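The values are calculated or read from the model by the stated rules, or taken from the named source; none is laboratory data. On a predicted model such as this, the values are computed, not experimentally measured, just so you know. Because the Cβ atoms are built from the backbone with ideal geometry, glycine has one as well, and the counts that use them run over all protein chains shown.
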Amino acid sequence: MTAVTPDVTESSAPARPRALAGRSWGDLVFRGVLTLAAATVPVLLGFLVVELWVGSAAARDQFGLSFLVRSAWDPVAGDYGALPLIAGTLLTSLVALVIAVPLSLGVAIYLTEFAPQVVRQPIAFVIGLLAAIPSVVYGLWGIFVLTPILRTSVFPLLQKTLGFLPLFSGPIYGPSVLAAGVILAIMVMPYIMSVSREVLLAVPASQREAALALGATRWEAVVTAVLPYGMSGILGAVILGLGRALGETMAVTMLIGNRHELASSLFAPGYTMAAVIANEFAEAVADLHISALTYTALTLFAVTVLVNAGARLLIWRVARGSGAGSKAL
Amino acid sequence: MSALGRRRVRSGIMTGLTVLAVVVAVAPLLFILGDLVAKGIGNLSPAFFTRLPAPAGETGGGVAHAIVGTLLMVGTACLIGLPVGILAGIYCAEYRDSRLAWAVRFVADVLNGTPSIVVGVFAWTWIVASQQHFSGFAGSVALAILMVPMVTRTTEEMVLLVPHSLREAALALGYPRWRTSLLIVARTNAPGIVTGALLAVARVAGETAPLLFTALGSQYMVTSLREPMAALPLTVYTYATGPYEEWHRYAWAAALVLILVVFALSLGARLALRRSSAFRG
């Protein structure tokens, strides 16, 4: 790395005081190289924002903020609006959270409060493996295994029991908002689990002990002492999971059915911001089409930055210094 | 039943529910791995690793081009991303309270949360649009951008694990700062830094979204980064969403290979970390 600099420490005597004064050439070069590398990171982000901003200029000029609330998507006529995409993104992410949050909380509580010491690490490790599976593999499994099962057995059952709700009515498709939501739930579960586990681990033992000493059962100790203490951190974990779900691309693209319409029911196909970029960017030829897709990317970026910033603030409140927020990434 | 008895029963039931949550959470992993092995392993053959794709509809052929493409692109991404990420991480650990260190930490977290598809769009507008053609290099840059923030954060964390007394001892012996940092602190926790690097490689090796419109994919054996290039995750995507039975079988086999690679890298990362566990308090 910086090995080319002259070696001041082992050379003649006069060099030594300089080294001690902290003004050796090696130190200067070292600091310079490190600073350069470090500065690259913020510069990269600035560059990313600028590129997305410039790239979306044509679409922003033409549609302004109304892009976000319009439903048209017509590359031939050059008319674009992202409302169905935004709605689809939010809906799939919400479905994912509804399924994943109770599950991951249950696992996190079991692992920190009830589980025998010997199984804690192995279970956390195995669930961590879920986070390592590439998105496209989830998509593959979703297309050929999960969706057929959902369509033939789970969806009809849901419709029979919850069909009175508009969300669960209408014709049943395989590729659908709900299928995408289910695969997303599996994908974000490990993140929410591992961050809430870190948060629960950061709750001082004295909290539990106090509750138990007052005669609480172990579950009552969890509910009355542990969870309230870690609440904002757990909320942070959930929002971090939301951030993941919003930007998840491949698995959703492969399962959601890719239809530019506001999904009327969870059984109907839909679209998300990430999925439309994945599907159309490589084939887009019209400048306005590319610009509209870049505008979509800019919107997605802005949303995830806001969501992640919120999550991190909440996590830092509880687990300050434990690094729970960044470790989970 | 006494009130205490009822409360105990309720505690037991809720504990049972958390166990159930564990079972439900672990089940998908078992199903996915089981299906991958069951549907993928039959299609793995020497030809699968050494041959190019057969024309659509024909049998035989392999994904050699995608394996080579992934190796080349991930390798190039490492060359670009790892030095920057590791040095930036060391900077954050060395000059912890400098304003730049705070900015780097914040930005790295922002970039870590950025969807990879957005990074793909960035790489497109930056490189593909200006060069007027898709290329493996653009894909490498997209992957490198994803690696940098991950590596920065883990490197900082790992460097900070080295006891302060070690650094002080070196400085007290008259070592200049750069030697202390590189030869004592960084080297002492080299396994930790390797762990961070391996985890980052594992993550980007499976990335598809940022390659869709940078590397684009290809049916040919391409070894020049200036041309559109295939990658294993792209191949899984194309084959899984394609119309042919034969393609679907290749998608399963390619996915099995991909996941074996990713798991091997993650496992390697964990093993490397175990070697450095001496410094974990």
Checklist entry - Which of the residues that make up the range B:24-66 are of a type in the set (Gly, Ala, Ser), assigned to a helix (DSSP H, G or I) and surrounded by fewer than 16 Cβ atoms within 10 Å (Cβ to Cβ)? => result B:ALA27, B:GLY34, B:ALA38, B:GLY42, B:ALA47
Next on the checklist: Here is a list: A:PHE47, A:PHE125, A:PHE67. Which entry is of a type in the set (A, V, I, L, M, F, W, C) and outside the structural domain of A:ALA284 (by TED's automatic domain parsing)?
Outcome noted: A:PHE47
Next on the checklist: Looking at the range B:110-122, can you tell me whether even one residue there is outside any helix (DSSP H, G or I), in contact with a strand residue (DSSP E or B) (Cβ under 9 Å, 6 or more places away or on another chain) and at the interface with chain A (Cβ under 9 Å from one of its Cβ atoms)?
Outcome noted: no
Checklist entry - Can you tell me which residues in the range A:25-54 are within 24 Å of the chain's Cα centre (by Cα) and small (Gly, Ala, Ser)? => result A:GLY46
Next on the checklist: Taking the criterion of being free of Cβ contacts under 8 Å to residues at least 40 places away in the same chain, in a helix (DSSP H, G or I) and in the same structural domain as A:THR294 (by TED's automatic domain parsing), would at least one residue in the range A:191-205 satisfy it?
Outcome noted: yes
Checklist outcome for this item: So, first residue over 10 Å from B:PHE134 (Cα atoms) in the range B:203-223, second residue among the charged types (D, E, K, R) and surrounded by fewer than 24 Cβ atoms within 10 Å (Cβ to Cβ), Cβ within less than 9 Å, six or more apart or across chains; the pairs are B:SER218/B:GLU227; B:TYR220/B:GLU227
Checklist outcome for this item: Going through (1) in contact with a strand residue (DSSP E or B) (Cβ under 7 Å, 6 or more places away or on another chain); (2) touching a residue at least 24 places away in the same chain (Cβ under 8 Å) one by one, A:VAL33 fails only at (1)
Checklist entry - Could you say whether any residue in the range B:146-167 is among the small types (Gly, Ala, Ser) and in contact (Cβ under 8 Å) with a residue 60 or more places away in the chain? => result no
Checklist outcome for this item: Picking from B:GLY89, B:GLY69, the residue that is more than 9 Å from every other protein chain (Cβ to nearest Cβ) and surrounded by 14 or more Cβ atoms within 10 Å (Cβ to Cβ) would be B:GLY69
Item to check | Options A:GLY243, A:GLY233, A:GLY247: the member that is in the same structural domain as A:VAL69 (by TED's automatic domain parsing) and within 30 Å of B:ARG7 (Cα to Cα) | outcome: A:GLY233
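A quick yes/no check of all residues on (1) in contact with a Pro (Cβ under 9 Å, 6 or more places away or on another chain); (2) under 29 Å from A:VAL203 (Cα atoms); (3) within 14 Å of another protein chain (Cβ to nearest Cβ):
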| position | (1), (2), (3) |
| --- | --- |
| A:LEU83 | no, no, no |
| A:LEU103 | no, yes, yes |
| A:ALA108 | no, yes, yes |
| A:THR112 | no, yes, yes |
| A:PRO134 | yes, no, yes |
| A:GLY139 | no, no, yes |
| A:LEU162 | no, no, no |
Checklist entry - Picking from B:LEU216, B:LEU232, which residue would you name as being crowded, with 18+ Cβ neighbours inside 10 Å, within 27 Å of B:SER266 (Cα to Cα), under 19 Å from the mean Cα position of the chain (by Cα) and at the interface with chain A (Cβ under 10 Å from one of its Cβ atoms)? => result B:LEU232
Checklist entry - Would a scan of the range B:157-171 turn up a residue that is in contact with a Lys or Arg (Cβ under 6 Å, 6 or more places away or on another chain) and in a helix (DSSP H, G or I)? => result no
Checklist entry - Looking at A:ALA210, A:ALA216, A:ALA245, A:ALA268, which one is outside any helix (DSSP H, G or I) and either within 14 Å of chain B (Cβ to nearest Cβ) or over 29 Å from B:VAL236 (Cα atoms) (or both)? => result A:ALA216
Next on the checklist: If I go through the range B:124-145 residue by residue, how many of them are assigned to a helix (DSSP H, G or I), in contact (Cβ under 8 Å) with a residue 40 or more places away in the chain and at the interface with chain A (Cβ under 9 Å from one of its Cβ atoms)?
Outcome noted: 2
